[in-house]
Each structure stands twice: as structure tokens, then as C-alpha cells.
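The values are calculated or read from the model by the stated rules, or taken from the named source; none is laboratory data. Because the structure is a prediction, the values reported are computed rather than measured. A quick note on method: Cβ atoms are made from the backbone with ideal geometry, for glycine too, and the neighbour counts reach across all protein chains shown. Surface accessibility is based on the protein's heavy atoms, side chains included, excluding ligands, DNA and RNA. Shrake-Rupley method; radii C 1.70, N 1.55, O 1.52, S 1.80 Å.
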Amino acid sequence: MKRNSSTGANGASVPQATPLPASRWLRLIPIIFITYSLAYLDRANYSFGAASGMAHDLNISAAMSSLLGALFFLGYFFFQIPGAHYAEKRSARKLVFWSLILWGGLAAATGMVTNVHVLIVIRFALGVVESAVMPAMLVFNAHWFTNKERSRANTFLILGNPATVLWMSIVSGYLVSAVGWRWMFIIEGMPAIIWAFIWWKMVQDKPSEAKWLTEAEKAALETELNNEQAGMKQVKNYREAFRSPTVIKLCLQYFFWSIGVYGFVMWLPSIISKAPNMNMVSTGWLSAVPYLLAVILMLVTSYFSDKMQIRKGFVWPFLLIGALAFYGSYLVGPNHFWISFTLLVIAGGAMYAPYGPFFAIVPEVLPRNVAGGAMALVNSLGALGSFAGSYIVGYLNDLTGGFDASYMFMAGSLLLSAILTLTVGRDRKRSTTNGSHTDGKKNWKHKVRTTQL
């Protein structure tokens, strides 16, 4: 690492580390945020098509609508690990570029379908195309941000999820009312295709490729990232990583967590639209409220998680709150809409709050050669949970003619997720190297840093 010199008390030259480049946050985070926002836009706007005239125009039954909402996540399951492997070994930049173009085209094509069979293919294909994006972006973040920064970096990535639903709920409500569900899909699919070329121009896979960093800044960042790897137990391959008890528990935890999240995301507009005197514009505005709370909680949670270097202690309490809020909605019942809605807002915000700390866990317990694949495996199980949440919540709503059963289902899933989080890992110690210089000679002091999972 390149060092600047200053004079110590004995007149000797004392080297000082080049600070990590702050320009990464201004240059990369907005791009990361927008990219994942567009991915989330083109998967979540289906809920507005389903709540408007799509079902009538294409003769889609309630059961088929549930399946269509869930099919995305079945496709999303299959290519997570290959995507992460390609991003780590080859290029996250190239993978995301082509994914942007393909998912934008498929999203726009949703507005052109004339029968449900074509829609089935498009929804599944959209999931396949987007499946590599999340693990690729997590790998990308791991190449650019250190452990002390990663919860915040991951939060700005995943913040694209609730922030997108926040404005999408409002915009989609107006678009459906103004131009219909077909043009809503077409209009909202185009930005991803345009953004692909901006992404390609603005990002590089690794700091060593960035022309906007000085050589000293590149060296400082690469050295810090390599030092983090030096303190880890080596893992030979994906097979060994996937057998890790921590990874297995995180997979199960994220499966049940995702049941709650996507049961909520896919069916909230339908739940709200059933309230008395509710139109699509009002449904859009009210659907946005939980995601406003989610944005605030995600930022606060990730900040304190990085500051205190605590991960699971910022995950399970929020999941427990979400479970209790869903249970409260069940107890209140449909006759007290505004109380029930307030509890749903709390549930939505609480479910999103811990994403940043959660996805910071794997790169802190596994080395770089397998961390991307492990995160992809966790996300794959989340995709199955998302499929289950989307489909079963819709099925329960159709079967019972109300939302009580689905509230209990989501509450139970989040409770299991909170309990599983408590079983993940223990405090672990890993050594990092800090340099000191005495009498003009390099003597390295080793400090032990404790990261509390």
C-alpha cells in the first residue's frame, strides 16, 4: 500500500496509510441503486396488472393469477449460482448489462400478450434472466467495499427494492388508470434497456480497472480487501461451503423470510383494493406507505450494524416485529381497515429493515472464492420462499375469500425466520493487520477485531 510520510516525535518518518477512496460511494452507489431498482420494477409491477384489468382481459382465474405471480420466482431459482460464479470468475459488469436488456424486453412484452400461455412463458423467462442479477451485484459490492462498509453498500443495493415499490405503486396506479395495464408494462420496461448502456459506460468490475481512481487509492483498497481474506479459514470449493452449518441455516432463514416479504409485496395492492370506496390511484398511494418506512429503517439499521459491527442482532428483532404485526392484522380483522393497514405498514417496514446486515454475513464468514456462490445459494432458497409466499398467499385469499389465513401464514413464516436467525453462528475472531513504523523500520502490529454475527 502506498503511504504518505509525516514526522514523528523522534524526528523519524512515520508512514500513513492512503485513505480508502470516498469517491466510490458517489460514483458507484447511485448506479447500483438504480440498476436493482429497475430489476425490481419489472418484477413487482405484475401486482398492479393483476389488480387491474389483466385478469379479465386474458381470462385468468384467481388460481392462475397466483401461479403467474409466483412463476417469476421459480425461474429466479435456477440460475443464481451459475450467475454468481460467472460474476466472480468473469465479469459482473457484462452479466448485468445483458440482463438489463433482456429483462426490459420481457417486461415490455408482458404488455403485448394476448393469451395466458404466452404470459406463463414470459413470467418464467423474466425470472431466469433476473436470477443472476442479485448475486452478481453482491459480488460486485464485495469487490469494491470492505467489511466495515458492506452492510451500508448492500443496503443501498437492496434499497432499490422498497424505494422502487414506493414510487412504482404511485406511478403504476396512475398509468393503469390513464393508459391501461398493457401500456403500463410497456412504458415501465423501456428504462432497463436504456440504462444497460449507462451501466456499461460507468462501471468496472474491480478497482484495478477504474481510471477514476489514483494508483495509491487502488492499492489501498486492494490491500484492505486482501487483508480481510487473509484472516479467514480457507474453503476449497462450493461443495464445502454449501455444507457449512451457517450457510444451511441462512438458506432456511431466508426461505421463510421471503415467504413473508413476497406474500406481502405481490398481494398488498389486492388487499388494499378490497377496502370500501377504494380506486386504483388510492390503492397506489396507500401501497407506497410501507415502503417509505422500509427505506428509513433500512438506512438506519445498516448504519448502526456497520458502526457496531453486529449482524444478526439487527436481523431477528425486526423479523419478530413483522410476525407480530401480521398477527395483529389477523386479530383486528377486515372490519377495522385503518388499524389493520397500520399494522401492515409496520410489518412491511420491519421485513425490509435487516437486508443490509443479513447479506453482510456471508462475505464475513467465507472467503472470496466461495462467498459469491454461497450468497447465490441463500438467494436461491429465498426465491423458493418467494414462490411459496406469492402462490400460497394468493391461494389462501382465494380459498377463504379473505386475508386472515394469509396473515397467519406470513406471521408464522417470519417467526420461524427470526428463530433460525438466533441459531446462526457465534462471535468469531479474525486477525487484521495494521501497520506502525518505529525508528524508520517497518514493524507490523497485529490486532484482533471481533465481528459479532
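Mind checking which residues of the stretch 368-399 are without any contact (Cβ under 8 Å) to a residue 24 or more places away in the chain and either out of contact with any Ser or Thr (no Cβ under 7 Å at 6 or more places or on another chain) or within 12 Å of Ile81 (Cα to Cα) (or both)?
Just the residues of the stretch 368-399 that are without any contact (Cβ under 8 Å) to a residue 24 or more places away in the chain, to begin with: 396, 399.
Once the filter is applied, which keeps residues that are without any contact (Cβ under 8 Å) to a residue 24 or more places away in the chain and either out of contact with any Ser or Thr (no Cβ under 7 Å at 6 or more places or on another chain) or within 12 Å of Ile81 (Cα to Cα) (or both), the stretch 368-399 yields only Leu399.
For the stretch 109-161, give me every one of the helices (runs of 4 or more DSSP H) that falls completely inside it and has 2 or more residues that are among the hydroxyl-bearing types (Ser, Thr, Tyr). Steps first, please.
On the way: elements: 116-130, 133-144, 147-158.
The qualifying helices (runs of 4 or more DSSP H) are 147-158.
For the condition of a type outside the set (Lys, Arg), surrounded by fewer than 24 Cβ atoms within 10 Å (Cβ to Cβ) and modelled with pLDDT under 90, what is the one hit in Pro367, Pro363?
On the way: Pro363 fails: surrounded by fewer than 24 Cβ atoms within 10 Å (Cβ to Cβ).
On inspection, the qualifying residue turns out to be Pro367.
Can you tell me how many residues in the stretch 290-311 are surrounded by 19 or more Cβ atoms within 10 Å (Cβ to Cβ) and touching a Ser or Thr at 6+ places or on another chain (Cβ under 9 Å)?
7
Show the residue pairs that are 6+ apart or on different chains and have beta-carbon atoms under 7 Å apart, the first residue being within the stretch 83-103 and free of Cβ contacts under 8 Å to residues at least 12 places away in the same chain, the second being open to solvent by 40 Å² or more (accessible area, probe 1.4 Å) and assigned to a helix (DSSP H, G or I).
none
Restricting the stretch 173-195 to residues that are open to solvent by 30 Å² or more (accessible area, probe 1.4 Å) and not aliphatic (A, V, I, L, M), which is farthest from the chain's Cα centre (by Cα)?
Only one residue fits best here, namely Ser177.
Does at least one position in the stretch 59-72 carry a residue that is touching a helix residue (DSSP H, G or I) at 6+ places or on another chain (Cβ under 6 Å) and closer than 28 Å to Asp205 by Cβ?
So far as the stretch 59-72 goes, yes, one or more of its residues are touching a helix residue (DSSP H, G or I) at 6+ places or on another chain (Cβ under 6 Å) and closer than 28 Å to Asp205 by Cβ.
Is it fair to say Phe48 is buried (at least 23 other Cβ atoms within 10 Å of the Cβ), under 18 Å from Gly173 (Cβ atoms) and either modelled with pLDDT under 80 or in contact with a Gly (Cβ under 8 Å, 6 or more places away or on another chain) (or both)? Please lay out each step first, then the result.
Details: buried (at least 23 other Cβ atoms within 10 Å of the Cβ): yes; under 18 Å from Gly173 (Cβ atoms): yes; either modelled with pLDDT under 80 or in contact with a Gly (Cβ under 8 Å, 6 or more places away or on another chain) (or both): yes.
So Phe48 fits the description; yes.
Filter the stretch 81-119 for residues that are within 11 Å of Pro135 (Cβ to Cβ) and out of contact with any Phe, Trp or Tyr (no Cβ under 9 Å at 6 or more places or on another chain); which is surrounded by the fewest Cβ atoms within 10 Å (Cβ to Cβ)?
Pro82
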